[in-house]
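For reference, the structure discussed in these notes is given below.
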Amino acid sequence: MIQQNNTVTAPSFPVDFQAWKDLTHRLGETFYERAQAQNDSDEFVRENYEDLKQHGYFKALVPQELGGAGVTHSQMAEIIRIIGRYCGSTALALSMHQHLVSANVWKYIHGKGGETTLRKVVEKGLILISTGAGDWLESNGNMEKVEGGYLVSADKHFASQSAYADVLATSAPYLHPEEGWQVLHFAVPIKAEGVTLKNNWKTLGMRGTGSHTVNFNQVFVADDAIALTRPKGEFHPVWNIVLGVAMPLIMAAYTGVAEAAADKAIEVARSQKDENPLLPLMVGELHNLRTNAQLIFEDMVRVCNDFDFAPTNDIALRILTRKTLLANAAKAMLDKSMEIAGGRSFFRFFGMERMFRDIQASAFHPLPEKKQQQFVGEWILE
């Protein structure tokens, strides 16, 4: 049970989540057919997004009383995991929208706001972009105070879905004349004056996510658009909410990619088990790696507990640690899957080399391994 506006209520559930899963598998088969061509051309997964939009995925997490489907956080994690088995780029891009929706659902459920944004997601069909991972504690850019607001100039990297979405949630540092350095958080329409895409997402993996750099050139942000002001360079409690809801969804995409690679490897092993006496050993190794990854992922989802968590620092510590462990486990699964599949894994037609490249991106989400270990270690020793 969780609190909503100081009244104890039960979370909303969709009428038939199995129907959501079945639909996701059906769509996923089409996504898989498109994936290689999109990957080869660095093309955003636009057709897949149109399919997802048509079937209501972008508003699915919104509570039913606000017009959404009432899909829970754990169910959305499973949806993204399924999509990841067919197209990593589509799954990862979708997770970026869904984690922003999730943050607002957490606020709404706990009586902290969020309703206005959630209603706009439903009524206007908004798709949301985040640059939070690249900004972390310091943020980047320049803010100049002017009458009624600020002028913002910055390059915001890794803006997934920027090739398609509507509103970008971001931040920038501001030197307050009395209070010193701050970071101000705000949302800006992607088509606002002064906002341009650099069309520079030419990458090793996750090529279809459309994660271009967004350039702000003297973009006006009104005073009343500032959603949060925090000290620059310091950990703020808002990150406990963001990490708690975001990282399980983001890592769901990578879990699905790794599971799909493992399935391919086992299919190969079954067809060649009489030719290579080492295959049972390697499949056993892969099984253990897969079990480890699945347990870590399921525990990340459990920590969020379908939005029923208090935003304590312990949430961030647990989520950041599990993210590192899961990224390493997923990469190990790809290595072992390619070892089992052998030389065919090197060919694009087989699909596993794309999965291998996609899984490498898992290391760069907050926080990269060494930064996570340093951050958590300092926290423990305080």
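The values are calculated or read from the model by the stated rules, or taken from the named source; none is laboratory data. Keep in mind it's a predicted model, so treat the numbers as computed, not measured. Don't worry about glycine lacking a Cβ; one is built from the backbone with ideal geometry, like all the others, and counts go over all protein chains shown. Note: accessible area is taken over every heavy atom of the protein model, side chains too, but ligands, DNA and RNA are not part of it. Shrake-Rupley method; radii C 1.70, N 1.55, O 1.52, S 1.80 Å.
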Worksheet item: Among 63, 177, 237, which one moves the most in a GNM of the chain with springs linking Cα atoms closer than 10 Å?
Response: 177
Worksheet item: At 25 °C and 0.890 mPa s, what whole-number value in µm²/s does Stokes-Einstein give for the translational diffusion of the stretch 61-174, with Rh from the Kirkwood sum over Cα pairs?
Response: 158
Response to the item:
The FRET efficiency for residue 236 and residue 64, from their Cβ-Cβ distance with R0 = 22 Å and rounded to 0.05, is 0.10
Discussion item. Just want to confirm a number: the relative contact order over the chain, from Cα pairs under 8 angstrom separated by 6+ residues, in percent.
Written reply: 18
Worksheet item: What's the extension gain from residue 272 to residue 137 if we count 0.36 nm per residue and subtract their Cα-Cα distance?
Response: 43.5 nm
Worksheet item: Taking a quarter of the surface of the convex hull around the Cα atoms of the chain, what do you get in nm²?
Response: 19.8
Item to complete: Quick one: check the C-alpha center-to-center distance for the stretch 117-165 versus the stretch 286-324, whole angstrom.
Response: 27
Worksheet item: So if we plug the beta-carbon distance of residue 181 and residue 215 into 1/(1 + (r/R0)^6) with R0 = 25 Å, what FRET efficiency do we get, rounded to 0.05?
Response: 0.65
Item to complete: Report, to the nearest whole %, how much of the accessible area of the chain belongs to carbon and sulfur atoms, 1.4 Å probe, protein only.
Response: 52
Worksheet, complete the sentence: Both in Å, the radius of gyration and Dmax of the C-alpha trace of the stretch 278-342 are 14.9, 48
Discussion item. Could you compute how fast the stretch 176-320 diffuses translationally, taking Rh as the Kirkwood radius over C-alpha pairs and applying Stokes-Einstein at 4 °C with viscosity 1.567 mPa s? Give it in µm² per second.
Written reply: 66
Discussion item. Using all alpha carbons of the stretch 158-207, what is the percent of pairwise distances in each 5 Å bin, ordered from the shortest bin to the longest?
Written reply: 4, 15, 22, 18, 15, 13, 8, 4, 1
Response to the item:
Once residue 147 and residue 17 are pulled to full extension, the length gained, defined as 0.36 nm per residue separation minus their Cα-Cα distance, is 41.8 nm
Practice prompt. Tell me the label-point distance for the pair residue 25, residue 335, using the 7 Å Cα-to-Cβ offset, in nm and rounded to one decimal.
Written response: 3.2
Worksheet item: When you count, for each residue, the other Cβ atoms within 10 Å and take the mean per peptide, how do 367-377, 199-209 rank with the highest first?
Response: 199-209, 367-377
Worksheet entry | Rounded accessible area per residue of the stretch 276-382, 1.4 Å, Å² | 50
Worksheet entry | Calculated on alpha-carbon atoms, Rg and Dmax of the stretch 322-374 in Å | 12.7, 40
Worksheet item: Counting Lys +1, Arg +1, Asp -1, Glu -1, what net charge surrounds residue 382 among other residues with beta carbon under 15 Å of its beta carbon?
Response: -3
Discussion item. Averaging the inverse of every distinct alpha carbon separation and then flipping it gives the Kirkwood radius. What is it for the stretch 60-100, in angstrom units?
Written reply: 10.4
Worksheet item: For the stretch 220-276, max minus min Cα coordinate along each principal axis, in Å, sorted largest first?
Response: 69, 25, 17
Practice prompt. Be a star and scan the stretch 65-98 for residues whose amide nitrogen sits under 12 Å from the point 7 Å along the Cα-to-Cβ vector of residue 348.
Written response: none
Worksheet, complete the sentence: The rounded separation in angstrom of the Cα centers of the stretch 325-382 and the stretch 189-266 is 19
